[in-house]
Amino acid sequence: MFQDFQACWTPILPSTALKAAPVASQLAGEKVVLFRDAQGVARALIDRCPHRGVELSIGSVKDGQLICPFHGWRFKGDGACAHVPYNPEAKLERLGATALPSHEAGGLIWVYTAPGAEAPELPHIPEALSRDDVSVFIHHEEWACHWTRAMENMLDYPHLPFVHGGTIGRDLKKQLTDRSQMEQRIEPLPHGFVSHTTIDGQPDARLDWMRPNGMTLYISDEGFFLRMHVWCVPTSPNHTRMVLAAVRGFGLYNPFFMLTDRFNLRILREDKAVVESSFPVEVPHPSEEPSVASDKTTLRFRQWYYSHLKGEGRAAS
């Protein structure tokens, strides 16, 4: 279950996607159902009734309990069976559904990919998503790619003047010469690492990797506060839900600045065709593709993936 993505926190959908009705989703090849309990807390279960295997997501929610559409079995947010019609003597403690740890923060619903377990800690929430003096634009869409290729792309700074030459890579494209040199300095963080990029000796960018599948790009901190967060969420095999959370600290009450949000969406989509064309679909072992010095950040991710997730069945650390 959750092959090559076990024991990981990830956002699965924006909070706004979950209202009164249950919502079906997919995560790393598994069907998941989200619903809100009686207190309005987002809950996650494997989308399968333990009785006859029906998808619980096509059922309903009443009094904070998820009701199976087939025989009316009711389940609490922790998966416990609360009622079985026509069977007042049923041993409910043996009839529960499979629950997943969940958490709601930063405008996102997070799920931990270890059924029935307690997550060792809560997910890392970027501080910009918790501020009350910013505007947050959240968007999600599906790409036909393996999540590791999308993740590497989000961590790959050298592609900016080529894929984004008309947007955020415009200045880099103008400055690029045959003698230009890029250097990357990587420092560990409790939740991943930070990569500082310099070009021809001049500091140019900071980018954070949030283990296992998130990225923060620091576009501007002074004056026009602007950050872009992206999570590459595995759904079905070789398909990825790209979750974008763009944060700006300017134009909060001016509809004109909503164009900035659309600009961030344009940047995201500039990557789509390139990433979907990658072969092999999943990132290969670092030894199987040639790399150069400017690949330092993406290689660090790839090494971590093969050491901690790929085929190992071990918890992310």
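Does Val243 satisfy the criteria of being surrounded by 14 or more Cβ atoms within 10 Å (Cβ to Cβ), part of a strand (DSSP E or B) and touching a residue at least 40 places away in the same chain (Cβ under 8 Å)?
Values: surrounded by 14 or more Cβ atoms within 10 Å (Cβ to Cβ): yes; part of a strand (DSSP E or B): yes; touching a residue at least 40 places away in the same chain (Cβ under 8 Å): yes.
Answer is yes for this residue.
Pairs only if they're at least six apart or on different chains, beta carbon under 9 angstrom, first in the range 52-63 and in contact (Cβ under 8 Å) with a residue 40 or more places away in the chain, second of a type outside the set (A, V, I, L, M, F, W, C) and not in a strand (DSSP E or B); list them, first residue then second.
Partner pairs satisfying both residue conditions: Leu56/Pro22; Leu56/Asp47; Leu56/Arg48; Leu56/Pro69; Val61/Pro22; Val61/Asp37.
Kindly establish whether Ala82 is free of Cβ contacts under 8 Å to residues at least 24 places away in the same chain, farther than 30 Å from Lys310 by Cβ and in contact with a helix residue (DSSP H, G or I) (Cβ under 9 Å, 6 or more places away or on another chain). Can you show your working first?
Working: free of Cβ contacts under 8 Å to residues at least 24 places away in the same chain: yes; farther than 30 Å from Lys310 by Cβ: yes; in contact with a helix residue (DSSP H, G or I) (Cβ under 9 Å, 6 or more places away or on another chain): yes.
Against the criterion (free of Cβ contacts under 8 Å to residues at least 24 places away in the same chain, farther than 30 Å from Lys310 by Cβ and in contact with a helix residue (DSSP H, G or I) (Cβ under 9 Å, 6 or more places away or on another chain)), Ala82 qualifies.
So, in the range 91-118, of the ones that are within 17 Å of the chain's Cα centre (by Cα) and small (Gly, Ala, Ser), which residue ends up nearest to Met258 (Cα to Cα)?
Step by step, filter the range 91-118, then rank; the result is Gly107.
So for the range 85-92 (the condition being at pLDDT 95 or above, assigned by TED's automatic domain parsing to the domain that holds Lys31 and either within 16 Å of Ala38 (Cα to Cα) or crowded, with 18+ Cβ neighbours inside 10 Å (or both)), does at least one residue qualify?
Taking the range 85-92 and keeping what is at pLDDT 95 or above, we get 85-92.
Next, only the ones that are assigned by TED's automatic domain parsing to the domain that holds Lys31 stay: 85-92.
This time we only want the ones that are either within 16 Å of Ala38 (Cα to Cα) or crowded, with 18+ Cβ neighbours inside 10 Å (or both), so: none.
No, the range 85-92 contains no residue that is at pLDDT 95 or above, assigned by TED's automatic domain parsing to the domain that holds Lys31 and either within 16 Å of Ala38 (Cα to Cα) or crowded, with 18+ Cβ neighbours inside 10 Å (or both).
Find the helices (runs of 4 or more DSSP H) located wholly in the range 137-203 whose residues include 2 or more that are of a type outside the set (Val, Ile, Thr) and in contact (Cβ under 8 Å) with a residue 24 or more places away in the chain, and list them.
Per the criteria, 147-155, 170-175.
Of the residues that sit in the range 278-310 and are among the hydroxyl-bearing types (Ser, Thr, Tyr) and outside any helix (DSSP H, G or I), which one is surrounded by the fewest Cβ atoms within 10 Å (Cβ to Cβ)?
The qualifying residue surrounded by the fewest Cβ atoms within 10 Å (Cβ to Cβ) is Ser291.
Within the range 138-174, which residues are of a type in the set (S, T, N, Q) and either at pLDDT 95 or above or exposed (fewer than 13 other Cβ atoms within 10 Å of the Cβ) (or both)?
Passing the criteria: Thr148, Asn153.
Can Gly249 be described as over 30 Å from Ala28 (Cβ atoms), more than 17 Å from the chain's Cα centre (by Cα) and in contact (Cβ under 8 Å) with a residue 40 or more places away in the chain?
Spelling it out, Gly249 is indeed over 30 Å from Ala28 (Cβ atoms), more than 17 Å from the chain's Cα centre (by Cα) and in contact (Cβ under 8 Å) with a residue 40 or more places away in the chain.
Being of a type outside the set (S, T, N, Q), modelled with pLDDT of 95 or more and more than 22 Å from Glu118 (Cβ to Cβ) narrows it down to one residue among Trp73, Trp9; which is it?
Numbers: Trp9 fails: more than 22 Å from Glu118 (Cβ to Cβ).
Result of the check over Trp73, Trp9: Trp73.
Here is a check on your reading of the model: is Val275 part of a strand (DSSP E or B), of a type in the set (A, V, I, L, M), touching a strand residue (DSSP E or B) at 6+ places or on another chain (Cβ under 9 Å) and surrounded by 15 or more Cβ atoms within 10 Å (Cβ to Cβ)?
No: the conditions fail for Val275.
Could you tell me which residue of the range 56-84 is surrounded by the fewest Cβ atoms within 10 Å (Cβ to Cβ), considering only residues that are assigned to a strand (DSSP E or B) and polar (S, T, N, Q)? Please lay out each step first, then the result.
First pass over the range 56-84, keeping only residues assigned to a strand (DSSP E or B): 60-62, 65-67, 74-75, 81-83.
When the remaining residues are screened for being polar (S, T, N, Q), the result is 60, 65.
On the way: Ser60: 15, Gln65: 20.
The qualifying residue surrounded by the fewest Cβ atoms within 10 Å (Cβ to Cβ) is Ser60.
The values are calculated or read from the model by the stated rules, or taken from the named source; none is laboratory data. Just so we're clear, the structure is a prediction, and the values are computed from it rather than from any experiment. Don't worry about glycine lacking a Cβ; one is built from the backbone with ideal geometry, like all the others, and counts go over all protein chains shown.
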